[in-house]
Each structure stands twice: as structure tokens, then as C-alpha cells.
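K.L.:
My structure is below; once you've seen it, I'll send some questions.
The values are calculated or read from the model by the stated rules, or taken from the named source; none is laboratory data. The shown structure was predicted, so the numbers you read here are calculated from the model rather than taken from an experiment. Methodologically, a virtual Cβ is constructed for each residue, glycine included, from the backbone with ideal geometry; neighbour enumeration extends over all protein chains shown. These area figures cover heavy atoms from the full protein model, side chains too; ligands, DNA and RNA do not enter into them. Shrake-Rupley method; radii C 1.70, N 1.55, O 1.52, S 1.80 Å.
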Amino acid sequence: MFVENLGIVLALTGAVLSALLAGIGSAIGVSRAGKAAAGVCTDQPEQFAKVLILQLLPGTQGIYGLLVAFIALSRIGLLGGGEIAALTISEGILYLLACLPMAFVGYFSAVAQGNTSVASMAIVVKQPTQAGKAMIFPAMVETYAILALLISILVVNAI
Amino acid sequence: MSVMPMQRVTICALKKNKKDILNILQRTGTIQINDIDSDDSAFQKADTSENVIALTKKIQVAEQALKIMQQYQPDEKSMFSSLQGRTIITVEEYQNKSEKSDEMYETAERTVELARKVAECQAAVINPQNQIEALEPWLALDVPLNSSQTKSTASFAGSLKGAWTLNEIYEKLAQLDEENSFDAVSVEIINSNKNQTCIFVTCSKSLAAKIEESLRTLGFTPPSVTYDVAPKHAVDELNASIKKYADDKLAYEEEIKGLAQQKESMRFLVDFLNMKKDECEVAKNLIQSKNTFYLEGYILKEKAPKLAKCLNSKFDIALDFVDSADEDTPVALKNNAFVSGTESVVESYSLPASNEPDPTPVISIFYYFFFGLMLGDFVYGLIMFLGCFIMLRKFKNMEPGTKKFLRMFMYCSISTMFWGAMFGSYMGDIVDVVSANWFGNKVTIPALWFVPLNEPMRMLVYSFAFGLIHMFVGLGMLGYKDIKNKQYLDFLYDVVFWYALLIGLILMLLNTSLFQSMAGMSFTFPPVLMTIAQWMSIVGAVGIILTSGRESRGFKRILKGLYGLYGVSGWLSDVLSYSRLLALGLATGVIASVINQMAAMLGTGVIGTILFIVVLIFGHAVNIGINALGAYVHTNRLQFVEFFGKFYDGGGKTFKPFAANTAYYKFKEDLE
């Protein structure tokens, strides 16, 4: 019984990992940036909008993770109440592998981006007119999350 | 549509007119005044630092007063109040008001003093309140707390820890009474609870010290507060003083509320003082002799004749204008409405140097294009468009920076609508979901082009193609710059060779089966074209190796040339970077679909429909916010890294005219 369902279990593990790890990473990143943002606002409340944007930047990985999980689930047939497709074990492994880039790159890039956002807040504090530049540095980190998202989506779609 | 031509201006005029001239310059904001070094014995710099310090103090007082007034009489702020812009004031109004600035300053000082007094009153009641609390247990006692005495008896008050009964106290005292002499003792319990027992002890004078010592071994402590009157009276006195402070505070607060009616003039005062301070700071930069002064600065060329006319008609003055375009010249941009929105993008990277072309027009087209691709939803675009459009129409007086920003988003939203229709995305798949669940008949608005989620590889190829066009235009900009500066050889080495190499390589790549199977396309180029492509890339590569190290000699030159050729890998990673166009576009659409699906799970009944709408509004609002932010940031990145990296140096200094840097009022005065 278990072996019969192993394919779907593996596929589901992949989808869950993608949402799980990327989500945890984003939560850590956003909370780090949020602490720094709160510190900025105690002294310069007028910078609220700028630091809020910086805080939000590491949050996207969680959304990407959700996205990959969602696409994987809908491909497996677990969403929308239709019939669940029977998956072979090797198909399950393929889904699992497809989700891994988003899961791992999502986690680490979100944490790293959170740190970069914290550093960028110093720019907002000391040079409020340069906030545009402050936003670019964390966005650089996000590039790799986007690449991981892309490859995960392409692979899931290709299975 | 470009960098504005600048002129260097020098002004020499009579000292008695200095203030008036500076005021006109400040109100019209036309000249950026330079700091002049003077070794001349006739011309000296005026030292205005004392005035600046005095004015800075005054500004602090006025700002503090304004803050206090706002606490007592908050502004009715709407969500969009920041869009309203500064109030317009005419020169006459300004002059009338500035005559009253001394009065205003007195009001400001009074307000600050009153606020200080209010704070003092608040602090002053804390001590009596604590004392009342300490006296509370003693209220039943009708003699003063500091022990009173008669001819032969002494009495004292104090508390024991914990709850005690009279008998327990007498018993303990009896146990401690070694000489059996405690006969004339009376203990009275004033108040008792589980934490402490307040007692009043009366005894013969000779025993007083001994008894007190005995009680101390039981944990007896004298009261923390002492008064010469009975506790009840003391509390009354304290309450009276608290009431007095409260009354005072109320009176002060009433006065502040009265003064807060003059909030507007306080705003004026803050602006007025700030302008004065700026004037003093600028006055440091000009030099003066006994009767004349002299200043140097930059002015926009188009404003120069007007300024000359205006000043010549009012004063005896010598003005001189010279064209200026060296690297010290500050830079100001001027573009039409469509382009100027993205000026802030260029500014946040770096302004073009004064001899460099303004990249904003090219940026703007790609900016709107890519932003739309990344957000890519018709309804989202429509919502953003309506929001920006209505705000732009409603708040005509908004500050130029805000206006440009909104205008940029307005054009971005038009592009978003366009791409939404091309990709068939209307709030994700809202039409499908509503029609299938509520009307039982699934309707899909067909995409005008194709649906990226169904054909991701096709979209990826187009993303790379858009990216290549973007970067080729960037390389073209480098060529334009070289030709404009008459560096024709640089144009050949840095632009033509690269075009040859890249186009040759791309043609060869397109012809491979690997690429065609990945992209799902199939075509073959004629062999002639392939030969041309091969030769193009060979000529380009050899040219780059030979020329990109041209400032070095010998062996080093070839090494540098090879390193230059290695730049191809940079182009490859740059192209891959455009895959974000696909990824972010998919993200918007898929998240929107998730929201729709979750909302539709609530059923199609009346309650389900209402909840459906609530979930939709909330979910899509969040989705627009997050994805518009993503599109904004990543479009910026594509411009800054991939596009600017090809040609743009920047490093221009911003033109910062000496102007009224006010927070609340602005002048309606233009040079006639």
C-alpha cells in the first residue's frame, strides 16, 4: 500500500519542502529586517515607508516557494478536487528534485537578503535621498531566488 | 529632452541691495551660488555663522511650538494629504506676514514655555500622590505621626511586617521584657492587613527607648513619612496642593489651546526662519567690499535673460553670463511628460555628467515595457491607472517629485494593461472562476498573444530576446556617445567589434538543434548566412583581442585583450538575468489564481459570495502591492546593472539652486 503511494508521497514532500523552507527563510529575513526597521522608526518615523519596502524585500521567497508548491500540487492533481493522478516512484522523485532549488535557494537567499536589507537601512538613515540605491543591493540577492524559481517551474512543468 | 544647458553667472551689485537681491534669487530659485575663495584685500567674506546659530535655535523653538500645537489641535489629515503640496503664497502676503514674525516668535516661545509648565505640573503631583499613598494606613490616627509627648508619657507610631493581633504584640513584648518593667504600655492598632500592621504605642517616658528597641527586634519600623499634623489633615493639605497643580495645568493647557489657533502662522514662521537661515548660509559664500558685493553661480541658460531683465529693472547691477559645460557644472534634466517620470530612476543611480547625453528618454521606454511585462495583468493595470490618474487630476498642486513618480506609475500601468491583455490575465483567471462557479459555464478571455504559464519556454525565449534588444540599445548608446565625442576609433573597437561578435554568435546559436529543441522552434538558415555569421564573430573576437587592451603595450596588451573577450561571459549572464521577466510575470498570475481559487472554495451561496468578494479584495490588494514592488525593484535593477553597465558613467552633480526650501508654503513668483 505504502509503496504504491510512494510516488505521490515523494512529490508531495517536494511541494511541501518548497513552501516550508522558502517560507522559513523569508520569515527569518523579514524579521531581521523588521527589527532594524523598528529601530529606524523610533528615531525617524518619517522613513517608515522606505524601511517598510526594505523589510518586505526578503518576503518574496516565501511567495515563490508557495508558487512552486502550488504549481506542483496542481500538476499532481491534489488541487481542485479532481482525481489524483497515479504517480510512479520515479515521477515522484522527479517532482521532489524539481522543488529542491526553490526550497534551498529560497531559504538561504531569503536569510541573506534579510541581512542585506538590514545593511541597506543604514543608507536610508544616513542618506535618505539615496533610498533608491539602498533597494538595489537586497534585490541583487533576490536574483538567485528568481533563477531557482524559474528552474523549479520549468522542471515541474516539464515532468 | 536632455541635460539643460547651463551658464556661469557673476553678479556685482551695491551692498545696500544685497538683502533684496538675495531674497529675489531665493524666491525664484534660479541660481546655484558657489563658494568663492578670496585672497583679495578689498573683497572679504562676511562671517554670518553667529546669525546662523541664532536662527537655528529659533527654528528649533518654532518647530517645537508647532509640534506642541499639533498635539493640542491635531490636523485633520486625510490619507492623501501628502499629495496636496505646499500652500501657495504671493510675495505681498509673504511680506505682510513676515512683518509679524517677531510676534509669531513670541507666540512660539510662549507655547514652548507653557508646555514646559504643563510638564512641570505633571511632575509636581507625583510626590504628593506618593505621600498620600504612604499616609493612607494612618488615616484613623488623630495625632501627628512624628511622636508627640506629654509630661510623663511618650508615644510613637510605626509598622510591623505581617498581620498581628493586639494580644500577639503584648505577648511578644512580655517575652522580651527581661526586667518585667513594661507595665505602662498601651498599643493601639491603627490599621492591619496581611502585609503590615500599623501600630501606635504610648508608654511612660522612661520606657520609651527600651520598648522601641524591643519592638525593632520584632521588625518594627517608623513610618516613612512624617508630618506635624494628623495624617488626615496632612492628606487634605496634599490633596489641596495636587488640585492646585491640576488647576494650573488646566489653565496652561487652555492657553496653549488658544495659541494653537495660530498654527498656520507658526508654519509660516518655521518656513520664514528656515529661509533666513539659508540666506545667511549663502551669504557666507559671497564676497564684499565696503559698498559692493560679488557672487558667482550657475543658472539655467533659458532663465538667464529673464533674470537679467528682472534684476536690471530694479537695481544698479552688473551681470555676466558665460556658457558652461565643464565637469564642475551642475546638471538639471528636462524632459516631456512621458519621459520625465523615469527621471527619478536615473537620479537614484547617478545624474549624467554635464557632457554626457541624458539617458532618460531611452530608459523610459524600456522601463514602462519591462514593468508591464513583470506585473502583466489587465485589471491590476487598470486599478493602478485609475488610482494614479485620479490623484493626478485631483491634486494639481502636488510637489513636482510626487507628480513625476505618479506619472511614471501611470505609464507603467498602461503597459501593464497592455501585457495583461496580451497574456490573457484578468485578475489571474477571475473570469474563468466566476463564470464556472456562478453561471455554470466556463468562459475564458483568450490571450491576444499566448499564455506564459502554458508555454513557459516560449516566454523565456522572448524574455531573452527583449533583454538582448535592451542591451544592444545600451551598446548603441555607447556608440552614440563615442561618435558625439568624435572618438571614432573607440566606436569601432568598443561597439562595432562587439556587435559583430555577438550577432555572429547569436546567429550560430539559433541554428543549433539544441537551441531549437529547447525553444520548440524549427528553422534553418541558408549556409551563406552561417558563413557570414562565422566570419562576423571571428572578426569581432580578433578585433576585441587586439584592441581592448589598447592602453597597454606588448604582451600585457594581448592578455588584456583576451580578458576583454572574456566579457562575453558577462553578456551571457546578463541575458540570463532577463529570465526574471518570465518568473515575476508568472508569479503575479499564479498567485492571483490561487487567491481566486481559495475565494471560490467558500461556495456560491449569498454568504459565500460576500466572503468571496472580501477575500478577493484583500488578496488582490496584497498581490498588487507585492508584485508592483517586485516589478519596480527589478525593473530598476535591469536598468542599473544590465543597461547602464553597457555605457553609462554618470557622476553629474545635481543642480541645487538657492531657493526657498520650505515645508509648508511656496511662492508663486516667476521671473517676468
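K.L.:
Could you derive backbone 3J(HN,Hα) for region A:25-35 from the dihedral phi with the Karplus parameters 6.51, -1.76 and 1.60 (θ = phi - 60°), listing whole Hz in sequence and x where the residue is Gly or Pro?
P.N.:
x, 5, 4, 5, x, 5, 6, 4, 4, x, 4
K.L.:
A further question on this structure: Cα to Cα, under 22 Å, and not fewer than 8 places away if on the same chain: which lysines meet these conditions relative to B:K301?
P.N.:
B:K309, B:K314, B:K334, B:K484, B:K653, B:K656, B:K668
K.L.:
While we're looking at this one, here's another question. Could you count how many Lys pairs in region B:146-222 have their Cα atoms under 26 Å apart, skipping same-chain pairs fewer than 8 positions apart?
P.N.:
9
K.L.:
Can I ask one more? Using +1 on the beta carbon of Lys and Arg, -1 on that of Asp and Glu, and nothing else charged, what's the dipole of chain A about the Cα centre, debye to 20?
P.N.:
Once rounded to the nearest 20, the dipole reads 500 debye.
K.L.:
Can I ask one more? Peptides A:142-148, B:297-303, B:619-625, B:569-575: what's the order by average Cβ count within 10 Å, highest mean first?
P.N.:
Answer by packing, highest mean first, reads A:142-148, B:297-303, B:619-625, B:569-575.
K.L.:
Which ³J(HN,Hα) values, rounded to whole Hz and listed in residue order, are derived for region B:486-491 from phi using the Karplus coefficients 6.51, -1.76 and 1.60 in 6.51 cos²θ - 1.76 cosθ + 1.60 with θ = phi - 60°, glycine and proline given as x?
P.N.:
Computed from phi, the couplings for region B:486-491 are 6, 9, 5, 5, 4, 4 Hz.
K.L.:
Rounded to a whole number, what % of the accessible area of the protein assembly as shown do carbon and sulfur atoms account for, probe 1.4 Å?
P.N.:
The value for the protein assembly as shown is 61 percent carbon and sulfur by accessible area.
K.L.:
Determine the distance separating the Cα centre of region B:291-352 from the Cα centre of region B:61-105; give it in Å without decimals.
P.N.:
30
K.L.:
Which value, in square angstrom to the nearest 100, describes the accessible area buried between chains B and A on both sides, using a 1.4 angstrom probe?
P.N.:
Separately minus together, B and A give about 2300 Å² buried.
K.L.:
While we're looking at this one, here's another question. Projecting each Cα onto the charge dipole of region B:558-667 (Lys/Arg +1, Asp/Glu -1 at the beta carbon, about the Cα centre), which of B:L586, B:A660, B:N627 comes out farthest on the positive side?
P.N.:
B:A660
K.L.:
Could you give the angle, 0 to 90 degrees to the nearest 10, between helix B:554-565's Cα long axis and the longest principal axis of the Cα atoms of chain B?
P.N.:
Approximately 80 degrees, to the nearest ten.
K.L.:
Looking only at other chains, what is the average number of their beta-carbon atoms within 10 angstrom of each beta-carbon in A:140-150?
P.N.:
Average neighbour count from other chains, rounded to a whole number: 5.
K.L.:
Among B:62-69, B:354-361, how do they line up from the highest to the lowest mean number of other beta-carbon atoms within 10 Å?
P.N.:
Going from most to least packed, we get B:62-69, B:354-361.
K.L.:
Loop-only trypsin sites (Lys or Arg not before Pro) in region B:417-515, please: DSSP not H, G, I, E or B, and at most 16 other Cβ atoms within 10 Å.
P.N.:
Answer by residue number: B:K442, B:K486.
K.L.:
Let me ask another. Note down the magnitude of the dipole of chain B about its Cα centre, charges +1 on Lys and Arg C-beta and -1 on Asp and Glu C-beta and zero elsewhere, to the nearest 20 debye.
P.N.:
So the magnitude is around 2500 debye.
K.L.:
When the helices in the protein assembly as shown are scored as -39500 (n - 2.57) per DSSP H run of 4 or longer and the sum is shared across all residues, what 222 nm value do you end up with, to the nearest 500 deg cm²/dmol?
P.N.:
-21000 deg cm²/dmol
K.L.:
Got a sec? Charge dipole of chain B, +1 on Cβ for Lys and Arg, -1 for Asp and Glu; which of B:I36, B:L307, B:C203 is way out at the positive end?
P.N.:
Value computed over the given set: B:L307.
K.L.:
Can you give the average number of partner chain beta-carbon atoms within 10 Å of each beta-carbon in peptide B:634-643, as a whole number?
P.N.:
Counting other chains' Cβ atoms within 10 Å and averaging over B:634-643 gives 3.
K.L.:
Also, quick follow-up: On a 0 to 90 degree scale, rounded to 10, what angle separates helix B:101-124 from the longest Cα axis of chain B?
P.N.:
Long axis of B:101-124 versus the principal axis of chain B: about 50 degrees.
K.L.:
Next question. Provide a whole-number value for the mean count of partner chain Cβ atoms within 10 Å of the Cβ atoms in peptide A:123-135.
P.N.:
Average neighbour count from other chains, rounded to a whole number: 2.
K.L.:
Related question: Report the one residue of B:F525, B:F385, B:T10 whose Cα lies farthest in the direction of the positive end of the charge dipole of the protein assembly as shown (charges on C-beta: Lys and Arg +1, Asp and Glu -1; origin at the Cα centre).
P.N.:
B:F525
K.L.:
For the peptides B:250-256, B:472-478, B:43-49, B:409-415, what is the packing order when you average, over each peptide's residues, the other Cβ atoms within 10 Å and list the highest mean first?
P.N.:
B:409-415, B:472-478, B:250-256, B:43-49
K.L.:
What is chain B's relative contact order, in percent, from Cα pairs under 8 angstrom and six or more apart in sequence?
P.N.:
Relative contact order of chain B: 23 percent.
K.L.:
Roughly how tilted is helix B:567-577, in degrees to the nearest 10 and between 0 and 90, from the longest Cα axis of chain B?
P.N.:
60
K.L.:
If you count only protein heavy atoms with a 1.4 Å probe, what accessible area per residue comes out for the protein assembly as shown, rounded to a whole Å²?
P.N.:
50
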